[in-house]
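A.B. asks: Take a look at this one; I'll ask things after.
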Amino acid sequence: MDANNLNVIVGEGTCGIAAGSKEVIEAFQKYAPEIKIRTVGCVGMCHQEVITEINDNNGNRYIYGRVTKKNVPQIIKFHQGEGDRLNDNLIYSPEEQDTDKWKYLAHQTRIALRNVGFLDPTSISEYEQRDGYKAIRKILREMTPEQVIEEIKVSSIRGRGGAGFPTHIKWSFARKSEGDSKYLICNGDEGDPGAFMDRSLLEGDPHNVIEGMLIAAYAIGASRGYAYVRAEYPLAVKNFGKAIRDAHERGVLGDNIQGSNFSFDIKIKEGAGAFVCGEETALIASIEGERGMPRFKPPFPAVKGLFGKPTIINNVETLANLPWIINNGGAAYAAYGTEDSKGTKVFALAGAIKKGGLVEVPMGTKIRDVLEDIGGGSSSGKPFKAVQLGGPSGGCIPESLFDTTIEYAAINATGAIMGSGGMIVMDETTCMVDLAKYFLSFTQLESCGKCTFCRIGTLRMRELLTRICDGEAEMSDLDALDELTEQIKKSSLCGLGQTAPNPVATTLRYFRSEYEAHIKERRCPAAVCKKLITHTIIPADCTACSLCEMQCPVDAITGEKKVKGSYIINQAKCINCGMCFEVCNSKAILVK
Amino acid sequence: MSQALEAKVEPEVVLGWINKIGSDSSSTVPLLQAVQSEYGYLPRAAMDLIIQNTDITGRQVYGVATFYSQFRLKPVGRHIIRICHGTACHVSGADRLDTSLRHILKITDGEQDTAENGSYTIEQVACVGCCSQAPVMVISDEVSGNLTGASAQRVLKKHAKKNEEIVANI
C-alpha cells in the first residue's frame, strides 16, 4: 500500500508535546514526506502519549500508544504491507477492539469531552461535522431564553468548577437583573494543582466552549463575554483565540448572529497567576485591572458584577456540557447520575496510578471503579493509600472509603469536596503530613491577605506542620491545628480560606497515626520528611562507580572510584535530597 | 545580579503597547504582561511610563505587579526554567528536579534563582496541567515530562547546547 493513502493523526495537547509529539511528527515527515498528518487535542489517555492513529484507505483504524520517533519507520512499513506490526504499542485495531488499553476510553461516558482528541481544534469545519454550532442555531430559531433556562433546569447540571451551584438558578438571577448590558465570563483560571480538564477542553475543543458561552449568554441576555484563561496554558490561549476568529468569520459570533437580533462577542483575558482568582468576585477584580481580592456578597455578581453590570461566571467544563444538553435534551443528561447529582463529571487522574489522564464518568460511579477499571490500579504495585480530591480546598479519602460514590453529598461527607475534579492517587510512598504541609504552603502563599484568619491562620498552620515534619512538635500541636481549622473556616470571607484547612482536617481524621509517629517517635513512616530520614551507603552493594559522588549537590559523598567499600556519606553535610538514591544503579543507598 | 541583565527600556515601545492595548484601568494586567514578555521582568522605567501615560495609578501598577505570581520585579536569565510544583509533581519528586538543576547551574545560594552567567533562571510554578507526566518542567516553551533529577539535567544540557549556553558538566 502507498503511504500517501494513509491518514496519520497525532495527539498534540500539552501532554502529547511533553511526551515528544513534535519528534514523532518530524519522523513521519522524514520517512514519508507525502503523508497526510492531522493533529488533535488530548484524548485524555495521557499515560499513552504520544498517541498516533493510522487510518488506511480501507477505512481501518489503528491506534498506537507511547510512540517514539524510533517506532515511526516500523509503523509506516507495516501499513505499507511490509514487516511486523508494533504490537506492544497497539491500543486499538479493527481486529482487537477490546484491548486492556482501550478499556480506558471504553469505560467512560463522554459528554463534555466528547470531541477532545477526535477533532483538530484549529478547524471549525471539523467541529461542525460533529454537530457543532447546531445547538446555538436551534436556540436562535426556536427557543426563548426562558425555555433554554428551563431545559438546563431539567438537566439539573451543577457548576463544575467546584462549588456545585445549580447552573439554572444562577442564570435566572441574571436573567431577571435589569439592564441592557450584561456579561458572561468563562472561568478558565484552573488553579487547582492537579486539575487539567479545562486546559484540555480549551486546547482540544475550543469551539465547544464558545458554543457553550453562546448558549449561556443567550439565556441571561449578555452581549459581551470574557474568557479568563490561565497564563500557564499558552496552547489553550492560542487555540481558543483562533477559534474565536474562525467563529466570527463563520457568523456564529459577532453582531446579529445567524440573522437574529442576538449579538455576542468574546475577549480573552490571560490570568497572571493567582489561585484566588478562581473566586468569582476576585476574578472580576482581576479583569477590572485590580489585585484579585474577593469582596463581600451580596450583591452577587449576577446582580452587580463586572464593571457594575450583571455578570455570570461559568466554569469551562460546565459550558462544555451545554451544547450536548441542548442537542439531546435536559432529560437525556439527567438520565445519568444519581438523585443528588446528575450527569457526568470529568476527573484528572494522576499520581500513583497506572493509567493517568482525563476520565469522564457518570455521577454515582464508585471511586474504586474509577481507579481500578479505568485507571488500571496502582502504578507501583504497592497498595493504594488514599486519593486526594479537590486540590487545596479538598481532602484525602483513605482506601477504606474507596467504595464511596462520586456525588456531591457523599464526597462532602468524607470531608473532601468534589472540587474541580483533580484526583491524585497515593500509595505508601507518600507522607500524609508532608502532603498536608504542601497544601497549606500553597494556600498560605495564595491567600490574598484580606481576612486575618486566612492570612495569619494558614501561616500558623504551615509553621505547625513544618514543626511536625521536622520532628520538633508536641502532641498539643495537634489540638492547635484543630482549633485553627475551626477558626479559619468560620472567619474567612471566601472559599479559599473557608476550605484551606480541609487537607489538614482530613489527613488528621484518617491518618492520625502518621502525625503521631512524626511527633512521638520522630519518624516519618513513608521516609519522605527530610529532617527525619538518613541516606547511607550499603558497602556490600556499592560498586564504587562514583555516580552518586558526582551528583551530590553538597559534596557530602566521598570515596575512591573503583575501590569497593570506600564510599561514605557525611551526615553532617547531607541534605537528604535523594539524588544519590535516584542515580544509584545497584540499589546501594539505604533510606531510613 | 550582574548589570548586564538590566533591560534598556525604549519609551516608544512602551507607548506603542499603550496605544494598542488601552490606557484605562482594566488594561493594567495586559500592559504589564506585554512589558514582561519583552523584558522578562518589569523594569522600573517601563512601569513609570505606564503611570505617566495612562489613567492607571502608581498604586495600581505596583499593587498588581506584586499581587500576581507571574510578575517579576528583578531581571532574569536569558532562558527560564519553570519547574512544576503541582500536587502530582510534588509527590513524584519535583523537589529533586530543583536540586539537580541548581547543582548544574551552580546556583548555591538558596535566595538566588538565576545562574551567575545569566543563562538560566529557575522558577517554581503551581501547576502546568500535565499531571499525568509528572514531574514536569518547561524550559522556555518546551515541556518535558516523566523526569528524574538526572534526566532533567540531560534535557537542560541539550537545551544549553542548542542555545550556546554553558552549564556545568557533571
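A.B. asks: What residues have an amide H closer than 5 Å to that of A:Thr344, excluding those fewer than 5 places away on the same chain, when H is modeled at 1.01 Å from N in the peptide plane?
C.D. replies: It is A:Met363, by chain and number.
A.B. asks: Where a Cα-Cα gap under 20 Å defines reach, which lysines qualify for A:Lys531, not counting those fewer than 8 residues away within the same chain?
C.D. replies: Correct list for A:Lys531: A:Lys437, A:Lys520, A:Lys573, A:Lys592.
A.B. asks: May I ask you to derive the relative contact order of chain A, considering only C-alpha pairs under 8 Å and at least 6 residues apart, and to give it as an integer percent?
C.D. replies: Once normalised by length, the contact order is 11 percent.
A.B. asks: Would you mind pulling out the separation of the Cα centroids of region A:438-479 and region A:109-130, in Å?
C.D. replies: A separation of 44 Å, based on Cα centres.
A.B. asks: Take the alpha carbon gyration tensor of region A:124-333, find the square roots of its eigenvalues, order them as a ≥ b ≥ c, and report rounded if a/c is under 1.5; if not, report prolate when a/b exceeds b/c, else oblate.
C.D. replies: rounded
A.B. asks: Something else: Partner chain Cβ atoms within 10 Å, averaged over the residues of A:420-428 - can you pull that number for me?
C.D. replies: 2
A.B. asks: Each residue of region B:42-54 in order: what ³J(HN,Hα) in whole Hz does its phi give by Karplus 6.51 cos²θ - 1.76 cosθ + 1.60, θ = phi - 60°, with x for Gly and Pro?
C.D. replies: 9, x, 3, 4, 5, 5, 4, 4, 5, 4, 6, 10, 9
A.B. asks: Report relative contact order for region A:246-395 in percent, whole number only (criteria: Cα-Cα under 8 Å, sequence separation at least 6).
C.D. replies: 9 percent
A.B. asks: Let me ask something else about it. Treating the angle as unsigned and between 0 and 90°, give the value, to the nearest 10°, between the Cα long axis of helix B:149-162 and the longest Cα principal axis of chain B.
C.D. replies: That helix lies at roughly 60 degrees to the long axis.
A.B. asks: I need the shape label for region A:3-106. Rule: rounded when a/c is under 1.5, else prolate if a/b > b/c, else oblate, with a, b, c from the alpha carbon gyration tensor.
C.D. replies: oblate
A.B. asks: Specify the angular offset, from 0 to 90 degrees and rounded to the nearest 10, of the alpha carbon long axis of helix B:11-21 from the longest principal axis of the alpha carbons in chain B.
C.D. replies: Once rounded, one gets 90 degrees.
A.B. asks: If you filter region A:1-99 for chymotrypsin sites (Phe, Trp or Tyr not before Pro), then keep DSSP loop positions with at most 11 other Cβ within 10 Å, what is left?
C.D. replies: Of the chymotrypsin sites (Phe, Trp or Tyr not before Pro), not one in the loops of region A:1-99 has a Cβ with at most 11 other Cβ atoms within 10 Å.
A.B. asks: A further question on this structure: Hey, what angle do you get for helix B:58-67 against the long axis of chain B, alpha-carbon based, 0 to 90 degrees rounded to 10?
C.D. replies: Helix B:58-67 sits roughly 10 degrees off the main axis of chain B.
A.B. asks: Looking only at other chains, what is the average number of their beta-carbon atoms within 10 angstrom of each beta-carbon in A:287-294?
C.D. replies: 6
A.B. asks: Let me know the longest stretch in chain A that avoids all GluC sites (Glu not before Pro) found in a DSSP loop with at most 14 other C-beta atoms within 10 Å.
C.D. replies: A:179-338
A.B. asks: Ranking request for peptides B:94-105, A:567-578: highest mean number of other beta-carbon atoms within 10 Å first, then the rest in descending order.
C.D. replies: In descending order of packing, they fall as B:94-105, A:567-578.
A.B. asks: Based on the alpha-carbon gyration tensor of the protein assembly as shown and its eigenvalue square roots a ≥ b ≥ c, which shape applies: rounded if a/c is under 1.5, prolate if not and a/b is larger than b/c, or oblate?
C.D. replies: The shape class here is rounded.
A.B. asks: Taking H placed 1.01 Å from N in the peptide plane, check which residues at least 5 places from A:Ala352 or on another chain put their amide H under 5 Å from its amide H.
C.D. replies: Excluding prolines and chain starts, which carry no amide H, the hits are A:Val425, A:Met426, A:Asp427.
A.B. asks: Taking a cut-off of 17 Å between Cα atoms, list the lysines near A:Lys354, but don't count ones fewer than 8 places away on the same chain.
C.D. replies: A:Lys354 reaches A:Lys101, A:Lys103, A:Lys382, A:Lys385.
A.B. asks: What is region A:432-548's relative contact order, in percent, from Cα pairs under 8 angstrom and six or more apart in sequence?
C.D. replies: 29 percent.
A.B. asks: DSSP loop (so not H, G, I, E, B), at most 14 other Cβ within 10 Å: list which GluC sites (Glu not before Pro) in region B:71-148 pass both filters.
C.D. replies: For GluC sites (Glu not before Pro) across region B:71-148 that sit outside H, G, I, E and B with at most 14 neighbouring Cβ atoms in 10 Å, the list reads B:Glu111, B:Glu116.
A.B. asks: Work out the length of the dipole vector of region A:3-106 about its Cα centre, built from +1 on the beta-carbon of each Lys and Arg and -1 on the beta-carbon of each Asp and Glu, and round it to the nearest 20 debye.
C.D. replies: Dipole of region A:3-106, to the nearest 20 debye: 260 debye.
A.B. asks: Among A:Cys545, A:Cys494, which comes first, second and so on when ranked by fewest other beta-carbon atoms within 10 Å?
C.D. replies: A:Cys545, A:Cys494
A.B. asks: Here's another thing I want to ask about it. Count, for each residue of A:187-193, the Cβ atoms from other chains sitting within 10 Å of its Cβ, then give me the mean as a whole number.
C.D. replies: The mean count of partner-chain Cβ atoms within 10 Å per residue comes to 3.
A.B. asks: If you take every residue apart from B:His85 with its C-beta less than 11 Å away from the C-beta of B:His85, what net charge results, scoring Lys and Arg +1 and Asp and Glu -1?
C.D. replies: -2
A short reminder: the numbers here are calculations on the coordinates, not readings from a lab. As the structure is a computational prediction, the values presented were derived from the model and not from experiment. Cβ: placed from backbone, ideal geometry, glycine included. Neighbour counts: every protein chain shown.
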